[in-house]
Structures are given as structure tokens and as C-alpha cells.
Amino acid sequence: MAYVVELDAFRGPLDLLLHLIQKNEVDIYDIPIARITDQYLAALKLMEALDIEVAGEFIVMAATLMEIKSRMLLPPAPKEYSEEEGPDPRAELVQMLEEYRRYQSAAELFRSRAEVWTRVFPRGGELPPEVAALVPDTELANLSVSTLVDALHQVLLEAEADHGVTAVQRERVTVRMQIAELWRRLNANPEGVSFRSLFTHPVTRVEVIAMFLAVLELLRLGRICVVQPHTFGDLRIQKVAAPTAPGDGGAAGTAVR
Amino acid sequence: MDDTQLSEALECLLFVSGEAVPVERLAEALEVDAERVLQALEAMRARSDGGLQVAAVAGGWMLCTRPQYAQYVTRLLRVQPQKLSRAALETLAIIAYRQPITGPEIEAVRGVSVDGVMGTLQARGLIREAGRKQAPGRPILYETTEEFLRYLGIKDLAELPQLEA
């Protein structure tokens, strides 16, 4: 079964951009657009590799960044056409980033205030609704997702260096083989064998599956019967003396044929 | 009624109320000038002794526990304070400073869809709908609630921390 983990990862393209700007210690008013664009795209790739769903908004921002980058590569318009320099292609983006950053720091203030105020209780059995409807807090202590993603990136880079090749052997266990094995054991133990004992010695997953299918197959063919002497107890597998007499349920308990 | 009696009586009123009470109602019950009640409340708020504190929250005054003893309170009540995700806090901040505001306007600032977090914030009672904007599509407007004021421990929106320039 696939284990799906959903992360709050980057809270959006602006969050990711601010993270990159901070990490590179560059001025928000003079973003080295080529470098940041490259890193932004690398981050998207990593998110995809991690199976983090990359929302459409991230792709839109990637396109915006590339557009700004290409506009900055164009030579400035000749002086005779424009007295002043044209607007910086980055201006709009910077404005968005600034506004977003303002609310981000306000959110940070909210968080620290709320941290105090969720620990203040009024009188009475009635709890404030935000306390009453509670589920365990699963937020990682002081780790931000960006820290984790950076760390993982590092690990992946190091792992890439190792190009060792391993051959994987395919296990050759068939249901037919397991039927033969089960039959051999039943012949050796006329009083029956324990179901559990079929799986006790070290076995691989494939062997377990094949053995279980072997039991089902022999049951279907009416060659064995399975009894459970005690509720929740172990199952016993016995050979059926062919042809079976009606009503011959074997030992006490439930019998499956 | 002298000052000591006044603050002791106030303590009684706040104790039985259990929730935030406006100054006017306290003044009415005490038959004392609201200005004087407010002064007494301010003095009580400034005190730092005792396990309980007087706080001005959500348009009124209330008696509540001090945060430093929260670990014992939560253990007795068997609750665990739940934190809002950063995405939810960001969205809440945008709504708080720009209310009333529509979903698309919030998304324009955050650069990302906010459907999920809006649901969380509404379920926690921190925001509510506030009519519709007279604009194409008549989008729903949102504003913060009294619960939001309690969440931050502030009396009204004027007490919100200043947004950075």
C-alpha cells in the first residue's frame, strides 16, 4: 500500500522565493534573477522527485521568473526613444514579495501571541472552542520544512555520487512447489500440521504468499480440511481421507472444507 | 465603596461571569462610574501576583489563568492546545488587516489557493462571512470574529500589532 505523506512544504511560490532570497542573502530590491530562477526550478524538480504535488501556482511563478529573466537579457531601449529607463521588469514581483513578507511577519507575531493566549484559560468547564476541538499537535518542534528539504537535497546529492550497481535476484517459488511441500509435510504427519508452522522458519514474502495459495488450492480441491479447535487458536490442516464421508467434520470446532 | 472594595467586588463579578464582560455592564452592576471601574480594572491587570489574571479581551474584561501554569491546567482538563499551521496564520493575518476581504483577494497576496485554510479558520470560529462584495461574481467577503480577538488576547482590532512598513 502506498503511504502518502502530504506536507505543507512551501506555502506557495512566494514563500519559496522568499526562502531562496534569504538563503542567498541577496537584496529583495536587486534580485539576481538568473541565479534565483535556476534555484527555483531546481526546488520544483526536487519537490516533484519527493512526490510533493507541485501546484499550478508554482508553475505560473516559474514562467513569470523566466519571462523576467528574458526581459532583463534584452538590451535597454535606445536613448532617443525613451528619456528615462523603462520600469525594472522585477518591480511587480518585488512588490508582491514585499507585501507577502509583511503578512508573513504579521503571522509570526500572531503565532507568538497566540502561543501565550492558548495557554490562558477562562473559568469553567466550558473550554474555548479552539481548545475543545483538539487533535494532537503533529507539528515538528522547531524544524521548518525548508530546513528538511535542504537537508534532503544534500543527502540526495551525496547519494548520487555512489553509482554502485546491484543485481536483484528474482525469487523462484511457485504455488506448485508449495503444494508439493505441503503435501510432503501432511504425508509425514498424518495427524495434521499446524497452520502457523507453515510460516515459522525464515521465509520470504513470496514463499508466504505461495504457501497460502497452496493451502487455498488444496482446500478448493477438497484434498485437505482446516479445523480450528479453539476460538482464535491455531488452525490445523489435515488430509481428507478421500472420498469424504458426509458429516465427517473432524475434530470439534469449526471446519472449513 | 473604597478602592479595595471596588477591586474585590470586581473580582467577584469577573469570577461568576467566566467570560469577557464590557466595562459598562460592570459599572452598572456596581453602581459606580465606568471611568473609575476602568481604572480599577487597569490596576488589577497590572498586578503580577496570583495564579489568575485580569485581562482585557474581545471587547470586555475577564478573569483567566496565567499562561505559565498552562501545563497543569491542560493536564487536569486533558486537552492539548492546537496550533494553526503557518499557512492558516498567514491567511488569518491577511484577513485581519484587510477585512472585509474576498477569497480571490487573499489568494492574490499569498499567491496560492486558500480554500483549505479558509475552511479551517471558519471551523475554528476565527473568521466569518460578512456579506458579498459588489463586484463581478459577487464574491463572499470575510472578516475576523470575537473569537479571533480572544485567540490573540486583544480587546479590539485597534490593538492589532502594526504591520511592518
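Where a number appears in this text, it was derived from the coordinates with a stated rule and is not lab data. In this text, all values refer to a predicted model and were calculated from it rather than measured experimentally. With ideal geometry, Cβ positions are generated from the backbone for all residues, glycine too; neighbour counts draw on all protein chains shown.
Got a sec? How would B:Val114, A:Val175 order by Cβ neighbour count within 10 Å, fewest to most? Show your work: numbers first, answer last.
Details: B:Val114 22, A:Val175 16.
Taking fewest neighbouring Cβ atoms as first place, the list is A:Val175, B:Val114.
Express the C-alpha Rg of chain B as a ratio against the empirical globular expectation 2.2 N^0.38 Å, rounded to two decimals.
Details: Rg = 19.3 Å, N = 165, 2.2 N^0.38 = 15.3 Å.
Normalised Cα radius of gyration, chain B: 1.26.
For A:Glu108 and A:Thr174, what is the calculated FRET efficiency with R₀ set at 56 Å and r taken between the beta-carbons, to the nearest 0.05?
On the way: r = 62 Å, r/R0 = 1.10.
So, using R0 = 56 Å, E works out to roughly 0.35.
I need the calculated FRET efficiency for the pair A:Phe232 and A:Arg184, taking r as the beta carbon distance and R₀ as 25 Å, to the nearest 0.05. Kindly include the intermediate steps, with their values, before the conclusion.
Values: r = 29 Å, r/R0 = 1.15.
Result of the calculation: an efficiency of 0.30.
Check the straight Cα-Cα distances from B:Lys155 and name the lysines below 24 Å, setting aside those fewer than 8 residues away within the same chain.
B:Lys83
By count of other Cβ within 10 Å, fewest leading, how are B:Tyr97, B:Tyr142 ordered?
Arranged by neighbour count, lowest to highest, B:Tyr97, B:Tyr142 become B:Tyr97, B:Tyr142.
Take A:Thr200 and A:Leu50, extend 7 Å from each Cα along the Cα→Cβ direction, and tell me the distance between the two endpoints in nm.
4.7
Quick check on the exposure proxy: order B:Trp61, A:Trp117, A:Trp183 from fewest to most C-beta atoms within 10 angstrom. If you can, show how the numbers build up before the last one.
Details: B:Trp61 27, A:Trp117 21, A:Trp183 15.
Ranked by crowding around the Cβ, least crowded first: A:Trp183, A:Trp117, B:Trp61.
Principal axis lengths of segment B:1-63 from Cα atoms, whole Å, largest first?
28, 24, 18
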